[in-house]
1. Pull up region 1-17, narrow it to residues that are within 12 Å of Leu60 (Cβ to Cβ) and free of Cβ contacts under 8 Å to residues at least 40 places away in the same chain, then point me to the one that is farthest from the chain's Cα centre (by Cα).
2. Among Val68, Val47, which is surrounded by fewer than 18 Cβ atoms within 10 Å (Cβ to Cβ), modelled with pLDDT of 95 or more and among the hydrophobic types (A, V, I, L, M, F, W, C)?
3. I need every pair where a residue in region 64-83 that is at positive phi has its Cβ under 7 Å from the Cβ of a residue that is modelled with pLDDT of 95 or more, sequence separation at least 6 or different chains.
4. I'd like the full set of residues that are over 15 Å from Val5 (Cα atoms) and under 13 Å from the mean Cα position of the chain (by Cα), limited to region 67-78.
5. Within region 24-48, count every residue that is farther than 16 Å from Lys7 by Cβ and touching a strand residue (DSSP E or B) at 6+ places or on another chain (Cβ under 7 Å).
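The values are calculated or read from the model by the stated rules, or taken from the named source; none is laboratory data. Since this is a predicted model, take the numbers as computed values, not measurements. So basically every Cβ, Gly included, is an ideal-geometry build from the backbone, and we count neighbours across all protein chains shown.
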Amino acid sequence: MVIAVSKFGKMLISRPAGKEAVSVMLSSFKPQLDTEVIDLDFTDVNVVTPAWLDEVLNGLKSVYGDRVRCRYSNNLSLKESLKFLQLG
């Protein structure tokens, strides 16, 4: 399953916005199978901060565990946020 993160905006910057996004994701996107990977697609996102990303990844991983992944992106803010969170 692919979640187009740009549905939540082009500038994903705050912890409260991340909490809201993960709440919407958990209620709106349901994998078909218990083994299905949840891919976060950051296409068309300009900025993502560690605070926003931390909320989303932790919220999704609390339900789906290691099946949550970020798709490869050239977005420098995503790369740096993943490094900051020691995930990339």
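1. Just the residues of region 1-17 that are within 12 Å of Leu60 (Cβ to Cβ), to begin with: 1, 3, 5.
With free of Cβ contacts under 8 Å to residues at least 40 places away in the same chain added as a condition, the list becomes 1, 3.
Values: Met1: 13, Ile3: 8 Å.
Restricting to residues being within 12 Å of Leu60 (Cβ to Cβ) and free of Cβ contacts under 8 Å to residues at least 40 places away in the same chain, the top hit is Met1.
2. On the way: Val68 fails: surrounded by fewer than 18 Cβ atoms within 10 Å (Cβ to Cβ).
Only one candidate qualifies: Val47.
3. Sorted first by the residue in region 64-83, then by its partner, the list stays empty.
4. Of region 67-78, the ones over 15 Å from Val5 (Cα atoms) are 67, 76.
Matches in region 67-78: Arg67 only.
5. Qualifying residue count, region 24-48: 2.
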